[in-house]
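Below is one structure, written out as structure tokens, with a few remarks after it.
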Amino acid sequence: MIPHPYLSLKIEFSSLTNILNGEVYQLRNDYHIENIFIDSRNTIANSKNLFIAIKGERHNGHNFIEELYFKGIRNFLIDQDISIKNYPEANFFKVTDSIVALQALAGYKRKIFKGNLIGITGSNGKTIVKEWLGKLIEQVYSVYRSPRSYNSQVGVPLSLWHLNHYQDYAIIEAGISQMGEMGKLEAIIKPKIGIYTNLGTAHDEGFPSLEEKANQKAKLFKNSSTIIFCKDFPEISNALHNLPEIEEKEFIGWSFEDNTSNYFVETEEREIGTAIRIPYDEQFHIFHVPFKDYASLENITHCLLLLLHEGLPIKIIQNTLNDIRPLNMRLETKKGKNNTYLVDDSYNNDLVGLDTALQFFSQQKQFPKRVLILSDLLETGLSSEVLYQQLAERIALENLNLVVGVGKEIKMLEKFYDGEVLVFSDTSSFLKYEKENAFREALILIKGARKFNFESIVQRLEQKIHGTVLEIDLNKITHNLNFYRSRLKPNVKTMVMVKAFAYGSSSHEIANWLEFQNVDYLAVAYADEGVVLRQHGIQLPIMVMNPDPRSFELLHQYNLEPELYSQSIFKDYASYTRNYNNRLKIHLKLDTGMHRLGFENHELDHLKALLKETPQLKVASIFSHLAGSDEAIHNGFSAQQALSFKKSADEIIDFLGYKPLLHLLNSPGISRFPDYQFGMVRLGIGLYGVDPTGLHSGQLQSVSLLKTVVSQVKHITKGSTIGYARKGRAIEDMKTATISIGYADGFNRKFSQGVGQVMINGKLAPVIGNVCMDMTMVDVTNIDCMAGDEVIVFGEKPNISEMAKAIDTIPYEILTNISERVKRVFYTE
């Protein structure tokens, strides 16, 4: 009978004779082998596990068989004679060389693996390329990657053992330190796709020359069909082209230096991160990555080319790149609140990686109290009962004081683990519990599958460096958007303004949510803002309201549509685009009374002449801007603007012979003038819950919550002064709180000396003295508070409109002045 391909991934002990050159020494129970181990310290005491005894320079695995047998291990692979009579219930299989047998066993698992296997080698960057690729690919496919730096003669086989039928991709790294090693690894890895990262000086002593080291590493790809590499390393390029049957291989050799290369990769440093321009399949793809150093750019380019080769959706790639982090953040110790330390491995969760995390955890000695926070273990290929029995046996070795389980399946752990266990159905339930039962003086390992969002646990538990956060409720954005949509006539489109960092809320996150909500257009002030949106995967049409000739290349490169508002800017853009065959969209701005930007009525003949001379340009919309829609007192003037706009727009439409979109109304205009909606409206400050007209009191929801923390509480004696220039003065004995926000964060200095106030524990606290750059002092004489308490700067109370009125400004300024150093947090319920 031919075995089912899925079932064939499980190996019975007796079937080792069909896979390895060796013999069964003793067979008592023919177990299905669940896992393999070579280190007695990490071996899980399960009767179905196999221990492979390896003789090394400083140790001999055979010396630990007695200990492991006593713990419950019943399957052993050996390469020296032992007295098996001492182990009457064990199975033994004897080979000539345990390492060769380990590799052969892994080779068998590889042979029956049906997914796509990616092999990675090189001097540096192997592990980080593997991890980044895994994170990027798993957005679409099931993917397995070898744990951490398992790339040696024994590490690779241990990695391959965990291949399973449900995995679409496997990513395995391979490293060598001397001649002849790669041939052994290639025989068991057999990658379909290869990535050769770079070539450096590591392990030079093991090779006669740099060229020969390049040749040896290249042998990993002897049978690969596609190989990705950087041509800027000529030794790599030469080594790969010396492989056999190169005519059957697809070489994707890219370069940062050679602009004649088919894969010439360009980078442009941004204020935050770098834009990478990659040609592939006769298209240019622009990605934004959150780092600037050469090594990271080299590593991510390898990843991006592989993703393009495999056809992953561009938008998913763009969005996932935002979450890419340096590898050292996957498992590191952080200072937590309440005198705790966190071992953060919330990046992902897998069965093999858990053992590595526990090993690292055991090395941390900050506190005797030890807590493990763990989610359901997903896609292990094991039944829940078997999986959590193994897990219980493993963590029993760690002397844990508490295990916190999150998920539906992990409750099974309670059946097998004798220690204290708390189980929560989801992360939010645990966070509610933790709020009332905070950990103190403990070492905490946090490891969870990405779907459980354990980053939120880390965020809750870690000690904050800067406590000022702007929270944005995406559900409230949806509410406000739908409120304005409900006031529109059928088929009227919506353009949303996301200029000025989306009114301080962070543009690309808001834009992504708006795209999900199916708005029709986005608008930004400058081309750079539009570029950021495109780099974050935003596909909606984007109008740029203040184009500059220096930004025309960006407009074309990122498919941005300029607003043309004068003869000079029109002529500049016409000149730039004169050789373009495809029609490029533009938006015509008419000045009907705002007197800021736009063609005036007397310029329409000149405008029509320009349009006639520029067949390469297509007018996507014609629009104007209301000057006084905020206030009812200007309703008459607004009506005059609307009539003037319609007359001028109709004249242009008659000339064009087609009808572009027309739009006039901003947020307050939508509220006041339903008859002037035309084909589209522009929604701005109203989206964020601010109603400049005052007509919708209670109907819009405040989207943003700016909060900080109390840094210190002081008792001030009567007559003392507070702050710079001694502007604050204690009329009586008083109590002050210093809060972690200042004018560098966007808390205006005009809020000094009692003008501004914040909310602490449900009570308003006025500012005393002058607002400082990074801190502000407030009067909390009648408020019970302490360091670490939350401070609401604005939200429901105080609200943005009240704050703006207090310093004689508008809510727009309050929002847009919030510094980018203030962390933005977006959430939806």
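The values are calculated or read from the model by the stated rules, or taken from the named source; none is laboratory data. Keep in mind that this is a model prediction, so the values were computed, not measured. Using ideal geometry, Cβ is built from the backbone for each residue, glycine included, and neighbour counts are taken over all protein chains shown. Ligands, DNA and RNA are excluded from the accessible area calculation, which covers all protein heavy atoms including side chains. Shrake-Rupley method; radii C 1.70, N 1.55, O 1.52, S 1.80 Å.
Odds and ends about this structure:
- Cα convex hull volume per residue for segment 555-618 (Å³): 79
- Per-q log10 I(q)/I(0), segment 182-273, q = 0.19, 0.26 Å⁻¹ (Debye; single scatterer per alpha-carbon; no solvent): -0.90, -1.36
- Debye intensity ratio I(q)/I(0), log10, segment 116-222, q values 0.15, 0.22, 0.23 Å⁻¹ (C-alpha model): -0.56, -1.15, -1.24
- Whole-Hz couplings from phi, Karplus 6.51/-1.76/1.60, listed for segment 440-447; x for Gly and Pro: 9, 6, 9, 9, 10, 9, 10, 9
- Difference of contour (0.36 nm per residue) and Cα-Cα distance, residue 386 to residue 784: 138.0 nm
- Kirkwood hydrodynamic radius of segment 679-740, from inverse mean 1/r over distinct Cα pairs, in Å: 15.7
- Cβ-Cβ FRET estimate between residue 810 and residue 487, R0 fixed at 25 Å, reported to 0.05: 0.65
- Computed over protein heavy atoms with a 1.4 Å probe, the carbon and sulfur contribution to the accessible area of segment 455-495 reaches 49%.
- Estimated [θ] at 222 nm from DSSP helical runs (n ≥ 4, -39500 (n - 2.57)) normalised by residues in the chain, nearest 500: -8500 deg cm²/dmol
- Theoretical FRET efficiency, 1/(1+(r/R0)^6), r = Cβ-Cβ of residue 802 and residue 761, R0 22 Å, to 0.05: 0.70
- When peptides 180-191, 716-727 are ranked by their average number of other Cβ atoms within 10 Å per residue, the highest-first order is 180-191, 716-727.
- Principal axis dimensions, segment 574-720 - Cα atoms, whole angstrom, descending: 76, 39, 29
- Shown in residue order for segment 760-767 are the 3J(HN,Hα) couplings computed by the Karplus curve 6.51 cos²θ - 1.76 cosθ + 1.60 at θ = phi - 60°: 10, 6, x, 10, 7, 10, x, 5 Hz (x for Gly and Pro).
- For the chain, the relative contact order comes to 7 percent (Cα pairs under 8 Å, sequence separation of at least 6).
- Farthest positive-ward along segment 683-829 dipole, Cα basis, beta-carbon charges - from 769, 690, 712: 769
- Accessible area per residue in Å² at 1.4 Å probe, computed on the chain: 44
- Accessible surface ranking that places the most exposed of 536, 556 first, with a 1.4 angstrom probe: 556, 536
- For segment 777-824, the set of GluC sites (Glu not before Pro) satisfying both a DSSP loop assignment and a count of at most 14 other C-beta atoms within 10 Å is given as 796, 820.
- Its residue count N fixes a reference of 2.2 N^0.38 Å for segment 52-180, and the Cα radius of gyration divided by that reference is 1.24.
- Extending 7 Å from Cα along the Cβ direction at residue 528 and again at residue 441 yields two label points whose distance is 5.1 nm.
- Segment 588-593 - phi-based ³J(HN,Hα) in whole Hz, Karplus 6.51/-1.76/1.60, Gly and Pro as x: 9, 9, 10, 8, 10, x
- Geometric extent, Cα atoms of segment 645-783 - Rg, Dmax (angstrom): 23.9, 78
- Note on segment 496-612: Kirkwood radius taken over Cα pairs, Stokes-Einstein applied at 10 °C and 1.306 mPa s, translational D equal to 106 µm² s⁻¹.
- Efficiency of FRET between residue 319 and residue 821 - r from beta-carbon atoms, R0 25 angstrom, step 0.05: 0.60
- Going by accessible surface with a 1.4 Å probe and the largest first, 232, 745 read 232, 745.
- When 561, 600 are compared by accessible area at a 1.4 angstrom probe, the order from most to least is 600, 561.
- Percent of alpha-carbon pairs separated by more than 23 Å within segment 225-322: 25
- Helix 474-485 and the longest principal axis of the C-alpha atoms of the chain enclose an angle of approximately 40°.
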